[in-house]
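S.K.: A single structure is presented below for examination.
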Amino acid sequence: MASITLSAVKKTYQGQVTAIHGLDLSIADGELVVLVGPSGCGKSTLLRMIAGLETITSGEVRIGDTMVNRLEPAERDIAMVFQNYALYPHMSVRQNLEYGLKNRRTPRPEIDRRVTEAARILEIEPFLDRKPRQLSGGQRQRVAMGRAIVRQPKAFLFDEPLSNLDAKLRGQMRVEIRRLQRTLGTTSVYVTHDQLEAMTMADKLVVMNGGRIEQVGRPLEVYSRPASLFVAGFMGSPGMNLIPAPALAGIAGGLPDSVGPACGTIGIRPEDVALTAPDRPHLRLDAVLDAVELVGSESLVYAHVAGLDSEVVLRTPGIHAGEPGQTLGLHIAHADLHCFDAESGRRLAS
Amino acid sequence: MVENRPFLGFLTHLVLIAGVIVVAFPVYVAIIAMTHTDVTLNSGAPLLPGAELISNLIAVWTFDPPGAPPFWLMVWNSTLMALIIMVGKIAISIISAYAIVYFRFPFRTLAFWIIFITLMLPVEVRIIPTYEVVANLGMLNSYAGLTIPLIASATATFLFRQFFMTIPDEMMEAARVDGAGPLKFFRDILLPLSRTNIAALCIILFIYGWVQYLWPLLVTTREEHFTLMMGVRQMAGAQEVDPQWNLIMTAVVLAMLPPVLIVIAMQRLFVKGLVETEK
Ligand SMILES: Nc1ncnc2c1ncn2[C@@H]1O[C@H](COP(=O)(O)OP(=O)(O)OP(=O)(O)O)[C@@H](O)[C@H]1O
Ligand SMILES: [Mg+2]
């Protein structure tokens, strides 16, 4: 159990590519932090720097009270779960679980106790004597988890651990990992591409872009008050509609006073666009329907508004019966408008 | 060419069978010769088996032909040479492949290319300079002289390098997180994973060492270091007395045996390795 602190951490590959630009982050003891961001934004790099698999160009990584910059991965007392599991193919499941403990010269009875315990928690007892290749993807994933928990490390590091599983199993394992992490109370850093994982698992969500942190916060806080245009467009599927403020003002016949002059772009969540007028102060736009995507529980409606370059997406519950070419009235409550600075793209207080 | 005409089929079979006879006939003659006495053999090559097989097989072990050391000593020398070359080559190449694939050190690429270039320089090509070096180091007439120049091997290094590169990096990283240092990773993970590659190389390299003829001929002048391949030739070339063809042929057939046996013995491991990939 320990906290993890990164201060001014920077990573430059071969003196050329800078993957992480001086980044600060503190992770409290027992917390599960999820790193999300587009491909290539440096999530894996950051995780591997914490693990000790990648050197730290400058800055400091602390686990607990120890500065670990120069420590080998094993000395940092962390456990890592890899995307492709990286189980040792020639060892049985039991040997896979034991290997890390044996290398630390854990006494035999203690090894057996921990392996039995981990196998029980993860329900992999029937497979202990099988080789990894005789297991299904989901079972391998459990073994990979088991290898992490038997070590009882200070922190778990996950690099997209569920991305090789099918959607259903992913949902199941997501809940399970989250429960396990709560029970054990082990500090965890979890890298993912999956919005659902990010939103549901995180105590603290870190949105990264281009080697920098865009926003840190509780998942709902990040979702409801994105700190920048990038976060607004990235979080949610689909992300916010981003509309230039002057264009919107022209079409809607003015914007509410809460939208200040500095506002360059207005963000609107698809679920905040209503087809019927709400009884709050709102904007109204006339639009023409382009396409409807039926998900079952909800529908995504794509429409274009005369005078706007990009389409507007809206989310409406149930099945939306509409034909392309149909005219729609879009209603957006004033309170649901997110304003972003014209120059910096940062959120304007509202 | 794929027409199904009976006459063509007959013709192709005829050619094939003729080919087999040409290749197999000398071997057949040698095997038949194992079963006769030297008296019979000196008056012509019989084509039907005789009754002397067992006595020849016993006599050959103490057979001491003129101009060559006793048969058993040559078998010992050849075995030792082939084994040293096999073990030495595998040990050196797996270690150098490990270094090249898993470690960053200055001139790593250069080291790799130098190893690569030696692929184009087998012993036969560099035989004079190699002889010079071995002679200057005083290694003529020794097992070291017989084996060391043949051990440095680019092919095996290459093979292991290719194999190591197919092992995902995460395997090494998982081992590092699990507290395995470079030696432990090599011993606990890389070696067991390379088992089938090692078996395959054992076969190839043992046979490579066993059939060496030119190099032993060059570096050994004293009889006690003669190997079987060169010894057999010496036996047949002896001048003063009638050659004992029955024993010479027995020696020849026995010399063919180890490669055959090792292929048969290792084949099962070979196939097993191909069937159950462990990656
Ligand atoms: N060994 C390396 N040498 C040079 N550049 C690298 C190396 N590894 C990663 N990079 C670069 O660093 C940046 C961050 O890579 P990283 O793997 O951390 O991305 P990521 O956020 O994990 O992406 P993904 O979601 O696709 O896994 C990328 O631009 C990548 O090209
Ligand atoms: Mg990654």
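S.K.: Among all residue pairs at least 6 apart or on different chains, which show Cβ distances below 6 Å where the first residue, located in segment B:179-201, is under 23 Å from A:Asp77 (Cβ atoms) and the second is of a type in the set (A, V, I, L, M) and part of a helix (DSSP H, G or I)?
M.R.: From segment B:179-201, the pairs are B:Gly179/A:Ala74; B:Phe185/B:Ala175; B:Ile189/B:Ala175.
S.K.: Further question: Residues that are at pLDDT below 90 and not assigned by TED's automatic domain parsing to the domain that holds A:Asp257: find the strands (runs of 3 or more DSSP E) completely inside segment A:269-333 holding 3 or more of those.
M.R.: none
S.K.: If I ask for residues that are closer than 18 Å to A:Gly138 by Cβ and surrounded by fewer than 16 Cβ atoms within 10 Å (Cβ to Cβ), which ones from segment A:172-185 would you list?
M.R.: Of everything in segment A:172-185, those that are closer than 18 Å to A:Gly138 by Cβ and surrounded by fewer than 16 Cβ atoms within 10 Å (Cβ to Cβ) turn out to be A:Gln172, A:Val175, A:Arg179.
S.K.: Out of segment A:286-310, which residues are within 33 Å of the chain's Cα centre (by Cα) and closer than 17 Å to A:Ala252 by Cβ?
M.R.: A:Ala303, A:His304, A:Val305, A:Leu308, A:Asp309, A:Ser310, listed by residue number.
S.K.: Still on this structure, please answer the following. Can we say A:Gln139 is under 27 Å from B:Asp169 (Cα atoms) and surrounded by fewer than 22 Cβ atoms within 10 Å (Cβ to Cβ)?
M.R.: Taking the combined requirement at face value, the residue satisfies it.
S.K.: So which residues in segment B:160-189 are outside any helix (DSSP H, G or I) and touching a helix residue (DSSP H, G or I) at 6+ places or on another chain (Cβ under 6 Å)?
M.R.: B:Asp178, B:Gly179, B:Ala180
S.K.: Which members of segment B:202-229 meet the condition of being without any contact (Cβ under 8 Å) to a residue 24 or more places away in the chain and either assigned to a helix (DSSP H, G or I) or not assigned by TED's automatic domain parsing to the domain that holds B:Ile264 (or both)?
M.R.: Once the filter is applied, which keeps residues that are without any contact (Cβ under 8 Å) to a residue 24 or more places away in the chain and either assigned to a helix (DSSP H, G or I) or not assigned by TED's automatic domain parsing to the domain that holds B:Ile264 (or both), segment B:202-229 yields B:Ile204, B:Leu217.
S.K.: Report every pair of residues separated by at least 6 positions or lying on different chains whose Cβ atoms are under 9 Å apart, first residue within segment A:98-123 and facing chain B (nearest Cβ under 10 Å) and among the polar types (S, T, N, Q), second surrounded by fewer than 16 Cβ atoms within 10 Å (Cβ to Cβ) and not in a helix (DSSP H, G or I).
M.R.: A:Asn103/B:Gly181
S.K.: Among the residues of segment A:69-82, write down those that are at the interface with chain B (Cβ under 8 Å from one of its Cβ atoms) and outside any strand (DSSP E or B).
M.R.: Within segment A:69-82, A:Glu72, A:Pro73, A:Ala74, A:Phe82 qualify.
S.K.: Mind checking which residues of segment B:161-199 are closer than 22 Å to A:Leu97 by Cβ, surrounded by 17 or more Cβ atoms within 10 Å (Cβ to Cβ) and within 27 Å of the chain's Cα centre (by Cα)?
M.R.: Within segment B:161-199, B:Phe186, B:Leu190, B:Leu193 meet the criteria.
S.K.: Further question on the same structure: Take the residues in segment A:150-182 that are within 13 Å of chain B (Cβ to nearest Cβ) and more than 15 Å from the chain's Cα centre (by Cα); name whichever of them is farthest from A:Tyr85 (Cα to Cα).
M.R.: Only one residue fits best here, namely A:Lys154.
S.K.: Identify, please: which residue in segment A:49-65 is part of a loop (DSSP other than H, G, I, E, B) and either in contact with a helix residue (DSSP H, G or I) (Cβ under 6 Å, 6 or more places away or on another chain) or over 17 Å from B:Arg104 (Cβ atoms) (or both) and is, among those, nearest to the other protein chains (Cβ to nearest Cβ)?
M.R.: A:Leu53
S.K.: Being away from ligand 1 (no atom under 15 Å from the Cβ) and touching a strand residue (DSSP E or B) at 6+ places or on another chain (Cβ under 8 Å) is the filter here; which residues of segment A:194-204 pass it?
M.R.: Of everything in segment A:194-204, those that are away from ligand 1 (no atom under 15 Å from the Cβ) and touching a strand residue (DSSP E or B) at 6+ places or on another chain (Cβ under 8 Å) turn out to be A:Met199, A:Met201, A:Ala202, A:Asp203, A:Lys204.
S.K.: Also, quick follow-up: Suppose we keep only residues that are at pLDDT 95 or above and within 16 Å of ligand 2 (Cβ to nearest atom) within segment A:21-42. Which one would you say is nearest to A:Asp203 (Cα to Cα)?
M.R.: That would be A:Val33.
S.K.: For segment A:39-73, what are the residues that are under 15 Å from A:Ile20 (Cα atoms), of a type in the set (D, E, K, R) and more than 14 Å from ligand 1 (Cβ to nearest atom)?
M.R.: Once the filter is applied, which keeps residues that are under 15 Å from A:Ile20 (Cα atoms), of a type in the set (D, E, K, R) and more than 14 Å from ligand 1 (Cβ to nearest atom), segment A:39-73 yields only A:Glu60.
S.K.: Find all pairs meeting these conditions: Cβ atoms under 8 angstrom apart; at least six residues apart or on different chains; first residue within segment A:200-224 and farther than 22 Å from A:Asp29 by Cβ and assigned by TED's automatic domain parsing to the domain that holds A:Lys43; second residue within 16 Å of ligand 2 (Cβ to nearest atom) and of a type in the set (D, E, K, R).
M.R.: From segment A:200-224, the pairs are A:Met208/A:Lys43; A:Gly211/A:Lys11.
S.K.: When A:Lys10 is evaluated against the numbered criteria (1) within 16 Å of ligand 2 (Cβ to nearest atom); (2) of a type in the set (Lys, Arg); (3) more than 14 Å from every other protein chain (Cβ to nearest Cβ), which criterion, by number, is the only one it fails?
M.R.: (1)
The values are calculated or read from the model by the stated rules, or taken from the named source; none is laboratory data. Since this is a predicted model, take the numbers as computed values, not measurements. Backbone-built Cβ (ideal geometry, glycine too); neighbour counts: all protein chains shown.
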